[in-house]
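Just below is one structure, and these are the notes that go with it.
The values are calculated or read from the model by the stated rules, or taken from the named source; none is laboratory data. Fair warning: this is a prediction, and the values are worked out from it, not measured in the lab. Positions of Cβ are backbone-derived with ideal geometry, glycine not excepted, and every protein chain shown enters the neighbour counts.
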Amino acid sequence: MKKILILTIAFLGFQSMSAQSKVGTINNEYILSQMPEIKDIETKLKAYGEELDEGIQNKYDAYKKIVEDYNESGEEITKVVRTSREKKITQMENDLQKLQKNSSKLLQIRQDELMRPLYQKIGTALEKIVKKEGYTQVFNENQSMIYIDPDYDLTIKVMEEIGLEIPDEDPVQNNN
């Protein structure tokens, strides 16, 4: 009976040792910077930003024209017409402010849409490595990691899984 108890305790101790966590890290931003698709995304985002800016500029030009017309009209217009134009100017100011505010949100939404496939590609590759090598947790290096053992950095493995070329001098490893 004593032998069975000792074997049971030893077996449970061995199981708890083998059930320990295996933690890894990844640097998503570095992987993204090495993906050839990122240049196309940056170009598309720049063009979209310019399109949004052009829309704002057109609205601003129209606003300026109405304000100039209002200022030039002086005393020649009736009080009803003056009140109507003032309301229109106020409405255009509000619209312009909303447009400026929304354009940054629209740019962020567009960036998220364009980047989603790249993050999915990284996630799929990471998932294969995690399952293959038995990792229980993976942290993003850019989330205030103080020390990372290079042996547990999965960045290069993910890049290889995706099929990216690994630079000779690896800045990810040199940052640690």
Looking only at the stretch 17-31, which residues are assigned to a helix (DSSP H, G or I) and surrounded by fewer than 16 Cβ atoms within 10 Å (Cβ to Cβ)? Met17, Ser18, Glu29
Please pick out the residue among Thr43, Thr78 that is loosely packed, with under 11 Cβ neighbours inside 10 Å and at pLDDT 95 or above. Thr43
So, of the residues in the stretch 141-176 that are loosely packed, with under 12 Cβ neighbours inside 10 Å and of a type in the set (S, T, N, Q), which turns out to be modelled with the lowest pLDDT? Asn174
Among the residues of the stretch 107-118, are any assigned to a helix (DSSP H, G or I), surrounded by 11 or more Cβ atoms within 10 Å (Cβ to Cβ) and in contact with a Ser or Thr (Cβ under 7 Å, 6 or more places away or on another chain)? no
Which listed residue is under 30 Å from Thr43 (Cβ atoms), in contact with a Leu (Cβ under 9 Å, 6 or more places away or on another chain) and either outside any helix (DSSP H, G or I) or of a type outside the set (S, T, N, Q) (or both), from Val130, Val158, Val138: Val158
